[in-house]
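Q: After the structure tokens below, expect a handful of questions from me.
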Amino acid sequence: MFESSVSYTVLPDLGPGAVHLAKATTPALKQRSLKNAIGCTGVGLHSGTKITMVLRPAAANTGILFRRTDIAGGGALVPAHWASVSDTRLNTCVANADGVSVRTIEHLMAALSGCGIDNLIIDINGPEVPVMDGSAAPFLFLVECAGVVEQSAPRRAIKVLKPVIVREDDKMAMLTPGDSFSVAMDIAFDATVIGRQHCHLTLTDGRFKSELSRARTFGFEQEVAAMRAAGLGKGGTLDNAVVISSDGEHVLNDEGLRYDDEFVRHKALDAVGDLYLAGAPLLGHYRGVRTGHALNNRLLREFFADQSAWAYTTISAATPAFADPRTRSAAALLPAYGMMAASA
Ligand SMILES: [Zn+2]
């Protein structure tokens, strides 16, 4: 089995040019990991295979790392990082230099962003994160059940210093400077059940959970066959995706929608997950128009390629988006999601 004390430093130290937002009297926030390991089993949305995943505490400065337990040796490690993104067709997939990959990571990454988890080893026995209910809520629930610990190292963020924009046809994604992390998203579909939708949220403490976490992935009835022919969507059902009727008039799910504008909220959730591949939380505003995983990744690549566009900064408790998030014990509810506690 694997060593219990894994420490992979994938993030460089704060450089001398780091911007310190906090006043000297305001303590810096600390990095965070899980208190206990916790796991879940579910089906991969695209692969259709049953997969078990265990989230394990990791040392400060580890970052978020996937570890394929079905593959022997050091080639099993796959960093959850923008530079590792290898495929963005209907999901975000990361791969290492050996071609070992983990796909559909975006909803899990969104939950880790929402909970402020900096360091984690994610053991996974297959090539895809389980889709669970198609949202980030089950992953948020796992983190809440496992509990969160503060670590000794200061938490840091990446401050957006100037606007960076990427475009493709009628799609656009943009980062602009700001002292908190906010997400604005616009979508437009011919389907009348979607139409035009907009959301704009500053993701201060707790708002990811209440405003975005439960929004499910969605697809169109008429696209299911084509998706499956392309080897995607094999695990998709009405239990893990909102499916829109071929006439665009209604959703096929008996329970209806979780939010009136669940579609745009899910796109915002996806963006939160994709942006957490920056390797640290962003201090700045994100705006997306009809964007998706491909453009979100291009945005990060162009952002980091421009050294004058960003700087590391420590985060203080006074920074609005980073007030210490509350966690609650929900272990008693574990069976509701078919989840299991796991030993560290
Ligand atoms: Zn999604």
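Values quoted throughout were computed directly from the atomic coordinates according to the rules given, and no laboratory measurement underlies them. As the structure is a prediction and not an experimental result, all values here were calculated from the model. So basically every Cβ, Gly included, is an ideal-geometry build from the backbone, and we count neighbours across all protein chains shown.
Q: May I ask you to evaluate 6.51 cos²θ - 1.76 cosθ + 1.60, the Karplus curve with θ = phi - 60°, for each residue of segment 59-68 and list the ³J(HN,Hα) values in order in whole Hz, giving x for glycine and proline?
A: Residue by residue, segment 59-68 yields 5, 4, 6, 6, x, 9, 10, 8, 9, 6 Hz.
Q: Step through the residues of segment 118-130 one at a time and calculate ³J(HN,Hα) from phi using the Karplus curve (6.51 cos²θ - 1.76 cosθ + 1.60, θ = phi - 60°), rounding each to whole Hz and writing x for Gly and Pro.
A: 9, 10, 6, 9, 10, 6, 8, 9, x, x, 8, 5, x
Q: Could I ask something else about it? Exposure proxy check: TYR312, TYR286 ranked by fewest other beta carbons within 10 Å?
A: Ranked by crowding around the Cβ, least crowded first: TYR312, TYR286.
Q: Considering segment 19-341, what Rg and Dmax in Å follow from its alpha-carbon atoms?
A: Looking at segment 19-341, its Cα Rg and Dmax stand at 18.7, 60 Å.
Q: Within the set LYS50/LYS234; LYS50/LYS209; LYS209/LYS234; LYS171/LYS267, which residue pairs have Cα atoms separated by over 22 Å?
A: Details: LYS50/LYS234 11 Å; LYS50/LYS209 26 Å; LYS209/LYS234 28 Å; LYS171/LYS267 13 Å.
Flagged as over cut-off: LYS50/LYS209; LYS209/LYS234.
Q: Further, regarding this structure: Neighbouring Cβ atoms within 10 Å as the yardstick, rank ARG103, ARG258, ARG155, ARG167 fewest first.
A: Values: ARG103 24, ARG258 17, ARG155 21, ARG167 13.
Neighbour counts put them in this order, fewest first: ARG167, ARG258, ARG155, ARG103.
Q: Once amide H atoms are placed 1.01 Å from N in the peptide plane, what residues at a sequence separation of 5 or more from THR49, or on another chain, have their amide H within under 5 Å of its amide H?
A: Amide H neighbours of THR49, under 5 Å, 5+ apart: GLY44.
Q: Another question about this same structure. Please list 3J(HN,Hα) in residue order for segment 252-259, calculated via the Karplus relation 6.51 cos²θ - 1.76 cosθ + 1.60 where θ = phi - 60°; whole Hz, with x for glycine and proline.
A: 7, 5, 4, 7, x, 9, 7, 9
Q: Under a point-charge model restricted to the Cβ atoms of Lys and Arg (+1) and Asp and Glu (-1), what is the dipole moment magnitude of segment 19-341 relative to its Cα centre, in debye to the nearest 20? If you can, show how the numbers build up before the last one.
A: Details: 32 positive and 33 negative charges, 231 e Å.
That gives segment 19-341 a dipole magnitude of about 1100 debye.
Q: Please report LEU201, LEU34, LEU112 as a ranked list, fewest other C-beta atoms within 10 angstrom at the top and most at the bottom. Display every interim value, and only then the final one.
A: Values: LEU201 18, LEU34 24, LEU112 27.
Taking fewest neighbouring Cβ atoms as first place, the list is LEU201, LEU34, LEU112.
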